[in-house]
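Worksheet: the structure to be examined is printed underneath.
The values are calculated or read from the model by the stated rules, or taken from the named source; none is laboratory data. What you see is a predicted model, and the numbers here were worked out from it, not measured in a lab. Ideal geometry is used to build each Cβ from the backbone, glycine not excepted, and the neighbour counts take in all protein chains shown. Accessible surface is based on the protein model in full, side chains and every heavy atom, while ligands, DNA and RNA are left aside. Shrake-Rupley method; radii C 1.70, N 1.55, O 1.52, S 1.80 Å.
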Amino acid sequence: MSKKKRLIGLLCIAVLCSQCLCAQTRQMGIEELFRLADGQSQSIQAYKTGTEAAREALKAAKAQRLPDVNASLSASYWGNGKLWDRDFGNAMTVDMPHFGNNFALEAQQVIYAGGAISSGIRQAELGTLLAELDLQKNVQEIRFLLVGHYLNLYKLDNQICVLEKNMELTEEVIANMKARREQGTVLKNDITRYELQKEQLNLQLSRVKDARKIANHQLVTTLHLPENTEISPDTSLLERQILTLTEEEWQDLAEGNNILLRQSQAAVRMNEQKVKQERSERLPHISLVAAEHLDGPITIEVPVLDNNFNYWYIGVGIKYNFSSLFKNNRKLKQARLNVRQAQERHQLVQEQVENAVQEGYVNFLTAFTDLRTQENSVRLADENYSVADNRYQNGMALLTDMLDASNMKLSADLGLVNARINILYNYYTMKYITHTL
């Protein structure tokens, strides 16, 4: 029997130890949150790869400035030839050397292509810029997503504290009621109603804790942390000074940093380069050419000469596509219309960003007003609860008055927590709109 008890004890210890090892609480600030996301977010890594690919495309475009060099080498078996008159009479066999060889080395350097190469390089540079802006935009989106989860976690933790304090307060009231019931001054029904309120608080607390588990899991999954990590928000977050700017200053920040604006500007420049590229099709292409040939046998003579013939040349080549004069018009017109469309989209993005900043700033100011209102509500609710409790203790108020005061206090406490978190959320929303997270 003692062995069984010892075994059970060891198993209990093992279970408790495993739970301690599995539950890893990690206090984390927003800056560390961003750092982990930059290094571990799968979405950010995908955009980093896209940026690397765009840089390689730029290198490939710049390589078009280098000369084209081609070499060929062949060996062949030659059969005997046939020689006829013009009417295919008097056929005669011509002996041929049976081994043929050919070697050619050719080089070409473009010196003028109507701006096509320069335009292609510029487009690749803008493509790299757009890829980098996509990466920055994704970083901002991931950070804002994490801020939302993080502040939600902070809000839920504060709600848990408020609910637990109200649970303690309710238990104290119930204990006082039970003591007064023994004296015959409180009915059993009064205690039952307060115990019902306690159960409602307990249910609400359970729901908030479950919501916290969900928010924590979403945060852990996005950061690719161990599954059983429990993130604890920085408790000093609400004590930090929040940078309060004017609406004009926020608008200036957005104009200089908003990635959507920078992307639309880059799209305009990209389409302008495409116009230049289409226009280059109407211009001649000039290049330097050089070649070295070694052929054998020499078949331009009859009988065929069984010799190797070496020759080389260097010169200037000019190529002009006359069909571009009547084929390229539509493409050039389309490219110009694309430029105009890109400019119009840029103006639309400017309007959207300006409206978003204005809306966010108004909501930011409203959050401060809401905080002041909630602070007054908490003060008044505490005073009301104190008066109701005093009157109830002296038998001058009904239990319903006490319950109403208790519910008002709980609602005001929760509202204050939400108002404080809401200011932070609106502040980070403004930073997200201006892309300065």
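Quick one: in region 45-73, of everything that is more than 30 Å from residue 99 (Cβ to Cβ) and in contact with an Asp or Glu (Cβ under 7 Å, 6 or more places away or on another chain), which residue is most open to solvent (accessible area, probe 1.4 Å)?
If we filter region 45-73 for residues that are more than 30 Å from residue 99 (Cβ to Cβ), which is where we start, we get 45-68.
Narrowing the set further to residues that are in contact with an Asp or Glu (Cβ under 7 Å, 6 or more places away or on another chain) leaves 47, 50-51, 58.
Values: 47: 95, 50: 36, 51: 4, 58: 30 Å².
Only one residue fits best here, namely 47.
Residue 142 meets all of the listed conditions (1) within 25 Å of residue 213 (Cα to Cα); (2) among the β-branched types (Val, Ile, Thr); (3) free of Cβ contacts under 8 Å to residues at least 60 places away in the same chain but one, namely (3). Could you check region 298-340 and list, in sequence order, the residues that are assigned to a strand (DSSP E or B) and under 22 Å from residue 283 (Cβ atoms)? Result: 315, 316, 317, 318, 319.
Among residues belonging to region 171-185 that are in a helix (DSSP H, G or I) and open to solvent by less than 70 Å² (accessible area, probe 1.4 Å), point out the one that is modelled with the lowest pLDDT.
180
Any idea how many residues of region 281-333 are open to solvent by 80 Å² or more (accessible area, probe 1.4 Å), over 30 Å from residue 103 (Cβ atoms) and modelled with pLDDT of 85 or more? Going through region 281-333 one residue at a time, the tally reaches 3.
Strands (runs of 3 or more DSSP E) wholly in region 60-152 with at least 3 residues that are more than 30 Å from residue 31 (Cα to Cα) and modelled with pLDDT of 90 or more - which ones? Once the strands (runs of 3 or more DSSP E) in region 60-152 are filtered for at least 3 residues that are more than 30 Å from residue 31 (Cα to Cα) and modelled with pLDDT of 90 or more, what remains is 68-77, 99-112.
Counting residues in region 344-366 that are buried (at least 20 other Cβ atoms within 10 Å of the Cβ), at pLDDT below 90 and either under 39 Å from the mean Cα position of the chain (by Cα) or within 20 Å of residue 167 (Cβ to Cβ) (or both) gives zero. Cβ-Cβ contacts under 8 Å between residues 6 or more apart (or on different chains), taken from a first residue in region 195-223 that is closer than 20 Å to residue 32 by Cα and touching a residue at least 60 places away in the same chain (Cβ under 8 Å) to a second residue that is among the hydrophobic types (A, V, I, L, M, F, W, C) and outside any helix (DSSP H, G or I), are listed as 216/231; 219/231.
Among the listed residues 188, 213, identify the single one that is more than 17 Å from residue 389 (Cβ to Cβ), open to solvent by 50 Å² or more (accessible area, probe 1.4 Å) and in contact with a Lys or Arg (Cβ under 9 Å, 6 or more places away or on another chain). Give the steps one after another, and end with the answer.
Numbers: 213 fails: in contact with a Lys or Arg (Cβ under 9 Å, 6 or more places away or on another chain).
None of the others qualify; the one that does is 188.
Taking the condition closer than 30 Å to residue 181 by Cα, open to solvent by 60 Å² or more (accessible area, probe 1.4 Å), in a helix (DSSP H, G or I) and at pLDDT 80 or above, does residue 375 pass?
On the way: closer than 30 Å to residue 181 by Cα: no; open to solvent by 60 Å² or more (accessible area, probe 1.4 Å): yes; in a helix (DSSP H, G or I): yes; at pLDDT 80 or above: yes.
In short, no.
Using beta carbons and a limit of 6 Å, which pairs, at least six apart or on different chains, have the first residue in region 289-315 and closer than 23 Å to residue 109 by Cβ and the second one β-branched (Val, Ile, Thr)? Every condition considered, the pairs that remain are 290/314; 315/289.
Among the residues making up region 234-255, those that are closer than 17 Å to residue 358 by Cβ and either assigned to a helix (DSSP H, G or I) or open to solvent by less than 60 Å² (accessible area, probe 1.4 Å) (or both) are 245, 247, 248, 249, 250, 251, 252, 253, 254, 255.
Note on region 19-44: residues that are under 30 Å from residue 144 (Cβ atoms) and surrounded by fewer than 12 Cβ atoms within 10 Å (Cβ to Cβ) amount to 6.
One residue stands out in region 382-423 among those that are closer than 30 Å to residue 147 by Cβ and small (Gly, Ala, Ser): the one that is modelled with the highest pLDDT, namely 419.
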